[in-house]
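The values are calculated or read from the model by the stated rules, or taken from the named source; none is laboratory data. Quantities reported herein were computed from a predicted structural model and do not represent experimental measurements. Cβ placement follows ideal geometry from the backbone for every residue including glycine, while neighbour counts extend to all protein chains displayed.
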Amino acid sequence: MKSFQCPVCGNTTSVSPFQCKDYTVSKESFGIYTCEKCRYAATLPQPAPQDIGNYYLSEEYISHSDTKKGIVNRLYHIVRKRNTKDKLAVVSRFAAVRGSLLDVGCGTGYFLSVCRQNGWQIEGVELSNSARAVAEGRIGQPLFPSIAALEETGKRFDVITLWHVFEHLYDVNASFLQLKHLLKPEGGTLILALPNPLSADAVYYREYWAAYDVPRHLSHFSPESIRLLAEKHRMKVAAIIPMKFDAFYISMLSEGLKGSGKLKAFFNGFRHGYLSNHKAGKDGNYSSLIYVFK
Ligand SMILES: [Zn+2]
């Protein structure tokens, strides 16, 4: 076993590591190492930061594009519209004021544009040049290519959102602190949406679970591990909200990775999405969770 040290709790024992394949781009395999104590899981080895861009070079990496080809992509766009409404509802509910909002990893800017329509002053960070160009066209203002570039402006925000982005970042402690310092010191709210490797769909699909998405996802946070990370850096979990559509979407994608045909992927994915949500109704382990930190 490769050496493992949990960046959240410091524990050095991992349980049942297994190999996961990068199905979308490189076809290379990476290990998933889960901390025995807090259930944080790491993708190992991590590609070097200067190489990670190569793993995003795919037409299929739809979270960065606006393609509408194929049934799963069409479904993605329907779910995105609904998800955007839900995300805005979470922001409105937990923000102390309707002021400034930063979306990190804003992709093509869909969520930001909806926020602005609803009265928010918006800023965005997007590393991908092509996605950022689309977003800048959509919202008609320049965006930042990195968190570091934004830090230089000295701006602080009432709300910072990362919708399925934090799992892509290197050095979870430094990244969490960096975000915390971008919040206004009084009443700032940090919102992270993360896949949950303890969900029933994650356990069922295991190495085929689409939300492992190695090596782009470097971290896989259990609810316990993200709570520990926040508390270590003096923030508190104010709320945890399920994203129930993700169980269906991720299960359908996972069926595809297992080699199921389109129709089978749709029906099996629907079934396992339903089962996952049903189980999560009892233990809270939904496929994806939104964490609100204060
Ligand atoms: Zn741990």
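Here are a few things to note about the model shown:
- For the stretch 148-185, the set of residues classified as among the hydrophobic types (A, V, I, L, M, F, W, C), without any contact (Cβ under 8 Å) to a residue 60 or more places away in the chain and over 23 Å from Ala96 (Cα atoms) consists of Ala148, Ala149, Leu169, Ala174, listed by residue number.
- Looking across the stretch 101-126, the residues that are touching a residue at least 40 places away in the same chain (Cβ under 8 Å) and of a type in the set (A, V, I, L, M) come down to Leu101, Leu102, Val104.
- Selection from the stretch 10-37 of residues that are within 14 Å of the ligand (Cβ to nearest atom) and charged (D, E, K, R): Glu36, Lys37
- Single residue of the stretch 207-233 satisfying the filter (of a type outside the set (D, E, K, R), more than 16 Å from the ligand (Cβ to nearest atom) and assigned to a helix (DSSP H, G or I)) that is surrounded by the most Cβ atoms within 10 Å (Cβ to Cβ): Tyr212
- Evaluating Asp201 against the criteria (1) in contact with a Leu (Cβ under 9 Å, 6 or more places away or on another chain); (2) surrounded by fewer than 23 Cβ atoms within 10 Å (Cβ to Cβ); (3) touching a residue at least 40 places away in the same chain (Cβ under 8 Å) leaves one unmet condition, (2).
- Members of the stretch 280-294 that are part of a helix (DSSP H, G or I) and surrounded by fewer than 17 Cβ atoms within 10 Å (Cβ to Cβ): Gly281, Lys282, Asp283
- Meets criteria (in a helix (DSSP H, G or I), more than 16 Å from the ligand (Cβ to nearest atom) and more than 23 Å from Val292 (Cβ to Cβ)) for Tyr204: yes
- Selection status of Ser175, polar (S, T, N, Q) and within 16 Å of the ligand (Cβ to nearest atom): no
- Residue satisfying condition, being surrounded by 14 or more Cβ atoms within 10 Å (Cβ to Cβ) and out of contact with any helix residue (DSSP H, G or I) (no Cβ under 7 Å at 6 or more places or on another chain), within set Ser113, Ser92: Ser92
- Each residue in the stretch 19-55 was checked for being within 30 Å of His233 (Cα to Cα) and among the aromatic types (Phe, Trp, Tyr), and 3 pass.
- Filtering the stretch 234-268 to residues that are surrounded by 16 or more Cβ atoms within 10 Å (Cβ to Cβ), within 30 Å of His181 (Cα to Cα) and more than 18 Å from the chain's Cα centre (by Cα) leaves only Met235.
- The stretch 142-188, residues that are farther than 24 Å from Ala89 by Cα, in a loop (DSSP other than H, G, I, E, B) and of a type outside the set (A, V, I, L, M): Pro142, Pro145, Ser146, Glu152, Thr153, Gly154, Lys155, Tyr170, Asp171
- Scanning the stretch 18-64 for residues that are touching a Ser or Thr at 6+ places or on another chain (Cβ under 7 Å), of a type outside the set (Asp, Glu) and modelled with pLDDT under 95 yields Thr24, Val25, Tyr55, Tyr56, Ser58, Tyr61, His64.
- Listed by first and then second residue, the pairs with beta-carbon distance under 6 Å, at least 6 apart or on different chains, first residue in the stretch 37-54 and under 14 Å from Asp22 (Cβ atoms) and among the aliphatic types (A, V, I, L, M), second within 15 Å of the ligand (Cβ to nearest atom) and outside any helix (DSSP H, G or I), are Leu44/Tyr33.
- Candidate set from the stretch 38-52 (those that are away from the ligand (no atom under 14 Å from the Cβ) and in contact with a helix residue (DSSP H, G or I) (Cβ under 9 Å, 6 or more places away or on another chain)); member that is farthest from Phe4 (Cα to Cα): Ile52
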